[in-house]
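To keep things clear, I will list the structure first and then write my remarks on it.
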Amino acid sequence: MKAKNYRKMKRQPYTRKKYIRGSPSPRITKFTMGDSTGNFQYQALLIAQEAAQVRHVALEAARIATNRLLSTKLGENYFLQINPYPHNVLRENKMIFGAHADRLQDGMKKSFGKSIGTAARVKRDQTVMTARVDKEGVEVAKEALRRGGAKLPMSCQVVIEEISAEQ
């Protein structure tokens, strides 16, 4: 199945894990990386420009791409946070194909499907990732978030903000 099938937000979200047997756990290992106690002057935000569902594997790929560049260029002098949590459980009604391909299965009307993964519903103008850095790490953070945004199924924008002293 293609990831394009799960990008649009259709129907009510399927999130009640209390009632879902065998719901898969998200593949994201860490939501915060780097120095969480550091006092940084700037923050770079990766903001979604359109609403979409982001699968947990896409969030993990974006996290790895962003974190790799930040850690190699800045060492431990940064803080990276992934904001959305993949609550929504995705379902798929698997079709049989292969042998006897001349008779492809059409499926059933209103079939429910089995859990295949999780996704986060991201709204327009929602922050997906936040990177806090010092003045010399601003360009590195901008490039790292751009690379991470390339792994996501929607167009994103990088915004740099100066953090006020009282935060």
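Which residues, counting only those in segment 34-68, are aliphatic (A, V, I, L, M) and within 16 Å of ASP134 (Cβ to Cβ)? Selection gives ALA44 alone. Quick check: is even one residue across segment 2-17 of a type in the set (A, V, I, L, M, F, W, C) and either in a strand (DSSP E or B) or in contact with a His (Cβ under 7 Å, 6 or more places away or on another chain) (or both)? No, every residue in segment 2-17 fails to be of a type in the set (A, V, I, L, M, F, W, C) and either in a strand (DSSP E or B) or in contact with a His (Cβ under 7 Å, 6 or more places away or on another chain) (or both).
Out of all the residues in segment 97-110, is one or more hydrophobic (A, V, I, L, M, F, W, C), within 20 Å of ARG21 (Cβ to Cβ), at pLDDT below 80 and out of contact with any helix residue (DSSP H, G or I) (no Cβ under 8 Å at 6 or more places or on another chain)? The answer is yes, given that some residue of segment 97-110 is hydrophobic (A, V, I, L, M, F, W, C), within 20 Å of ARG21 (Cβ to Cβ), at pLDDT below 80 and out of contact with any helix residue (DSSP H, G or I) (no Cβ under 8 Å at 6 or more places or on another chain). The set of residues from segment 79-96 being over 15 Å from LYS114 (Cβ atoms) and either over 14 Å from the mean Cα position of the chain (by Cα) or charged (D, E, K, R) (or both) comprises just one member, PHE79. Taken over segment 62-82, the residue count meeting the criterion of being buried (at least 17 other Cβ atoms within 10 Å of the Cβ), in a helix (DSSP H, G or I) and β-branched (Val, Ile, Thr) is 1. For segment 19-60, taking the residues that are among the basic types (Lys, Arg) and closer than 27 Å to MET95 by Cα, the one that is farthest from the chain's Cα centre (by Cα) is identified as ARG21. I'd like the full set of residues that are among the charged types (D, E, K, R), over 26 Å from GLN53 (Cβ atoms) and in contact (Cβ under 8 Å) with a residue 24 or more places away in the chain, limited to segment 110-141. Scanning segment 110-141 gives ARG132, ASP134, LYS135. The set of residues in segment 105-136 being among the β-branched types (Val, Ile, Thr) and either under 18 Å from TYR14 (Cβ atoms) or surrounded by 21 or more Cβ atoms within 10 Å (Cβ to Cβ) (or both) consists of ILE116, THR118, VAL122, VAL128, VAL133. Which residues, counting only those in segment 26-67, are out of contact with any Phe, Trp or Tyr (no Cβ under 9 Å at 6 or more places or on another chain) and without any contact (Cβ under 8 Å) to a residue 12 or more places away in the chain? Hits for segment 26-67 are ASN39, ILE64. Within segment 18-45, if we keep just the residues that are within 14 Å of TYR85 (Cα to Cα) and assigned to a loop (DSSP other than H, G, I, E, B), the residue that is modelled with the highest pLDDT turns out to be PHE31.
The values are calculated or read from the model by the stated rules, or taken from the named source; none is laboratory data. What you are looking at is a predicted structure, and each value in this text was computed from that prediction instead of being measured. Here the Cβ is made from the backbone with ideal geometry for all residues, glycine too, and neighbour counts use every protein chain on show.
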